[in-house]
Amino acid sequence: MKHEQSLADVRGVMPQAPGRPLIRVSGLEACYNGKPAVRGVSFVIYEGEQLSLLGPSGCGKTTTLRCIAGLETPTAGEIVIDDHIVFSARQGIDIPSERRSLSMVFQSYAIWPHMTVFENVAYPLRLRKERANQIKLRVTEVLRMVGMEAFIDQPATNLSGGQQQRVALARSYAYLPKALLLDEPLSNLDARLRVRMREELKRIQRQFRVTNLYVTHDQEEAMALSDRIIVMRDGVIEQVGKPLDIYDAPCSRFVADFIGAANILNGQVAERRPGEAVVLEIGSARLACAPRVDMPAPNAKGESLVAVRTVYPELRRGSKGTSVNCWPATIKERILLGDIVNYVVEWPGGVLRVQGFPNMLYLEGEPLWLHIPAERAILVDADEER
Amino acid sequence: MLRSAHSTSARKPVSLPVLALVATLVLIIGYPLLLLVAMALNVGDAQALLPTHWGLANFIRLLRHLDWIRNTLLVALAGSTFGTALALLLAWIIYRTTVPGRAILELLVTIPYPVGPLVGALAWSELASPRGGLINVLFHAFTGSHASLVNVYSVPGIVFVMAIFEAPVAFLMIGAAMRQMDPSLEECSAVMGAGRLTTALRITAPLMLPAILSAWLFLFISMMGAFAIPTILGTSSRFYVATTAIYMLFQGYPPQYPLAAALGLVLIVFAASAVWLYTRALRGRSYAVVGGRTYRPRPIDMKGLTPLLFAIVCAYIVVALVLPLGILLVASLQRNSNITLSAASWTLHNYRYVLVDFPTTRQAIVNSLLLGVGTGTLGTAFATILAWVIHRSRGAGRGILEQLTMVPQSLPRLIFAAALLWMMLALPFKLYGTLFAVLIAYTIVFLPLAYRSITGVVVQLDRSLEEAGRVLGGGWLSVMRSITVPLLSPGLLAAWVLLFMVSVREVSASIFLAGPGAQVLGPAIFNFWDSGGLPQVSALVIVQTAIIFVALVVIRSVSRKGIAL
Ligand SMILES: Nc1ncnc2c1ncn2[C@@H]1O[C@H](COP(=O)(O)OP(=O)(O)OP(=O)(O)O)[C@@H](O)[C@H]1O
Ligand SMILES: [Mg+2]
């Protein structure tokens, strides 16, 4: 039920049809002082799409973004914006930032302290030689959109972090750039403001319908704001997909760990036939896992990793419901967090963390049935060192 | 009860340490200035310390010497403008472009500052005096012409030498501001569609303006009070600025103290007006974050221009460091005042003379070392107490205390030393003519320098570190000893060495105070130059520079930042 609802949600945000490719990055490589930061990244951003670059600190998200903006010079690869090659290592093309018709929101906001709020927002419009009354209209309009019209004549130094963030957004939307690049625009805000600004940002995105490339290390932000997510690790793309697809079917242990909460179980492969469920022996349990298109090969010892999200296993009192993937289990520990409840469950495969809700509470030590739907047991790649 | 206790603490009474420090500063800075004003208004007996008759006649007499003031302003305006422009260019090349050898260039460019203007003036007079200057001698030898190629005994010459020897200070100030500017401010402008020139004019320039103006002001005030350069390069052509005129009035017979005091007061008024104008111009425009992080912006690749930029920096280093020290080294090895470049006739005799044989210079070297140690210790201690009270106590009046501390910065040092001289002569016991008099003068005139250098350290030290120590059960003393002092000591040592260096090379603040009983290096070199003997002077200058270089090495090894202002 919950699952279906969120799927519908995602569909609502998606553009009707995938637009034409607006930005195409291929084989991008970038180094700092000879040390590689991005190693062969390729992806496409479609027109009108909200795309996120998600990954832990230092994985090369900012570097990728800055290469697209023209603020770093890649060592290899090609970047095409709106059918124009703006960078190509092979052809020796490197169009400077100012001629790429992009816009960017910096992590530090980069609000010019020697200007007022109006002058900050008007700056890109003045560069484009708009008429004064046009500029006035447009600035007022975008400032109203972010709820900052009352501050229009304030010096920029008077603004708080959240206000600077809104002005930075207004400034980047003021002229219509081909795409907007955002580098962790919410990371300097405190937790409460961050959640509020996330919702604001979503509303503004819907209003302006500008193509967005959004860098973040916060998975909630990426899930909430994007049509598609690119997960990066160590300068390489790990997985690309719609938020829910990545959540439901992480391709690797890293993605399963990084996005949402998951149990990673190690099992001996007992049955493995193309197109049929893979059966793993974990402890004394036999876990049937849904087959995948490109199934990860077991390791040398014949073991495979399987990821089980903590929200998907079902706990049930009374009678055993199905025969597949159903075991007797006991609650070893219960941690009540308010909105959610975490259980540590003992089952024939060892221990499993399971998430529940306060409307259906189980007691510690209570014996019950544990059911893991086969389509929720996802075979994942082990993370090889890079 | 509770409420009243609360309201008194909310009003923050002036604390005892603040009060005591304000009183001390008012006494040691304000009282000499008061004497200066009194002397300027003295129209009675010119030799009396306290006026017998009051009036404005001295100022009216000054009207006949308006050229002194005009010359001062001319030299200071031209010199500070040229010096700041040069510093801006050097800072931009070194910090913002891909010029090779950044670290070593950064170091070399700052060295002319501790080497000092006296050395610069002497060296350039040996290099480019119209007759004996090496550059002109070589020019004559090669072309056979009898005209001189360069003449440093001129207004452009004075401006040039001032600018190249004061530029390092401006370089340090502008460079610090450049490194504290968030590079995303410029990057954002570029992404939004502004070309390089537009970004430079509309973003970079306005953001750098406060630092550039304050560097310019620093140079302007410093050049208004410059003494060594205009004396050595100007007096032979009877070109007088305020400081050299004051020196002449002091040396004349009979000395004309009241006129000198009036001139000094006018100079102070100019300096104070410049500070006031600057503060007004920058009201609410200072964007620098105190103790802010430093950024490493992506340097601009100037492609084909890079060799040219590198050459510009190298040319500066040659003109301000290599040539001056080279000519002095060569001159110090000569048998007489005629410089020969053939090493066969060179001798070390001059060093033996200044280090061993001649008691005056020997004593001056020892005294200067003593003074350096004394000023370093006293100045660091005083500045630490001031910085601590200003930034760490909670009482009212700390703003006034800080402003008072910075007052000596806008007082030309020669004039303040003259005022101190009168104060010391008025004392019931003998202070004038002792090393102690010079020590007091140095400590006061270098107080702003010491304070600025130490404030950074005190502010940087996180208060929570101390509180952690106190919570763990240590008393104030043990917190100071085991946490605060070890954390502060590299910064304190750097400030100490900085004070040591500037004291060893100082001449303006000691020329009146050092007497027969208290010879020190700066005035000794100056007097030596006055009485001829170029090879010996050069040897003495090289000895002084060697001491400074040792101090520089120490400063580099204790603090990664090197000289910090
Ligand atoms: N200016 C720089 N000089 C040297 N190395 C750098 C520089 N900027 C980034 N790096 C290195 O490049 C790698 C990728 O950095 P990048 O800033 O792209 O990471 P990121 O994914 O944006 O991380 P974060 O979430 O912390 O912002 C890191 O290992 C980092 O140390
Ligand atoms: Mg980043």
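When the protein assembly as shown is described by a simple charge dipole with +1 on each Lys and Arg Cβ and -1 on each Asp and Glu Cβ, the residue from A:L361, A:F43, B:A76 located farthest towards its positive end is B:A76.
Computed about the Cα centre, the dipole magnitude for the stretch A:73-167 is approximately 220 debye when only Lys and Arg (+1) and Asp and Glu (-1) carry charge, each at its Cβ.
Which Cα, out of B:P412, B:I483, B:V115, lies furthest along the positive dipole direction of the protein assembly as shown (beta carbon charges, K/R +1, D/E -1)? Checked the options; the winner is B:P412. Largest GNM mean-square fluctuation among A:K320, A:K136, A:K301, using chain A with Cα springs under 10 Å: A:K301.
Placing unit charges on the Cβ atoms only, positive for Lys and Arg and negative for Asp and Glu, gives the stretch B:321-427 a dipole magnitude near 180 debye about its Cα centre. Projecting the Cα atoms of B:P258, B:Q519, B:A344 onto the charge dipole of the protein assembly as shown (Cβ charges, centred on the Cα centre) puts B:P258 farthest toward the positive pole. With semi-axes defined as the square roots of five times the eigenvalues of the C-alpha gyration tensor, the equivalent ellipsoid of the stretch B:1-144 measures 47, 35, 14 Å, largest first.
Comparing A:K129, A:K242, A:K61 in a Gaussian network model of chain A where C-alpha atoms under 10 Å apart are linked, the largest mean-square fluctuation is found at A:K129.
Using alpha carbon centroids, what distance separates the stretch A:40-108 and the stretch B:148-171, in Å? Spelled out, the Cα-based centre of one part sits 49 Å from the other.
Over 31 Å apart at the Cα level, from the set A:K178/A:K242; A:K35/B:K303; A:K61/A:K136; A:K136/B:K303; A:K61/A:K129; A:K242/A:K320, are A:K61/A:K136; A:K136/B:K303; A:K61/A:K129; A:K242/A:K320.
For chain A, set up a Gaussian network in which alpha carbons nearer than 10 Å are linked by springs, and say which option among A:D248, A:D153, A:D94 fluctuates the most. Comparing A:D248, A:D153, A:D94 in the GNM, the peak value goes to A:D153.
For the pair the stretch A:241-302 and the stretch B:364-424, the centres of their Cα atoms are 73 angstrom apart. The dipole here belongs to the protein assembly as shown: it is taken about the Cα centre, uses +1 on the Cβ of Lys and Arg and -1 on the Cβ of Asp and Glu, and is about 1680 debye.
On full extension of the chain, what length is gained from B:S337 through B:F59, given 0.36 nm per residue of separation minus the C-alpha to C-alpha distance? Gain on stretching B:S337 to B:F59: 95.8 nm.
Shape class for the stretch B:295-452, computed from the alpha carbon gyration tensor (a ≥ b ≥ c): oblate, with a/c not under 1.5 and a/b at or below b/c. Straight Cα distances below 19 angstrom link A:K202 to the aspartates and glutamates A:D9, A:E47, A:E49, A:E141, A:D183, A:E184, A:D190, A:D218, A:E220, A:E221, A:D227, with same-chain residues fewer than 8 positions distant left out. Here is what passes the span test in chain B: the DSSP H helices with alpha carbon length of 20 Å or more along the helix axis and a Kyte-Doolittle mean of -0.5 or above are B:66-96, B:155-180, B:205-224, B:257-281, B:359-392, B:485-505, B:534-558. For the stretch B:140-221, trypsin sites (Lys or Arg not before Pro) meeting the loop criterion (DSSP other than H, G, I, E, B) and having at most 14 other Cβ atoms within 10 Å: none. Relative to one another, the C-alpha centroids of the stretch A:310-386 and the stretch B:65-126 are positioned 74 Å apart. Legend: calculated FRET efficiency, A:V236 to A:H84, from the Cβ-Cβ distance at R0 = 22 Å, rounded to 0.05, equals 0.25. Ordering of A:302-310, A:156-164 by packing is A:302-310, A:156-164, highest average first (other Cβ atoms within 10 Å, averaged per residue). Backbone amide hydrogens, once placed in the peptide plane, bring A:L22 within less than 5 Å of A:I45, A:Y46, A:E47, excluding anything fewer than 5 places away on its chain. Database remark: amide H of A:A270 closer than 5 angstrom to the amide H of A:V279, A:L280, A:E281 (H placed geometrically; neighbours at sequence offset of 5 or more, or on other chains; Pro and chain starts carry no H).
Each value in this text was obtained by applying a stated rule to the coordinates, not by laboratory testing. The structure presented is a predicted model; accordingly, all values stated were derived computationally and were not measured. Because the Cβ atoms are built from the backbone with ideal geometry, glycine has one as well, and the counts that use them run over all protein chains shown.
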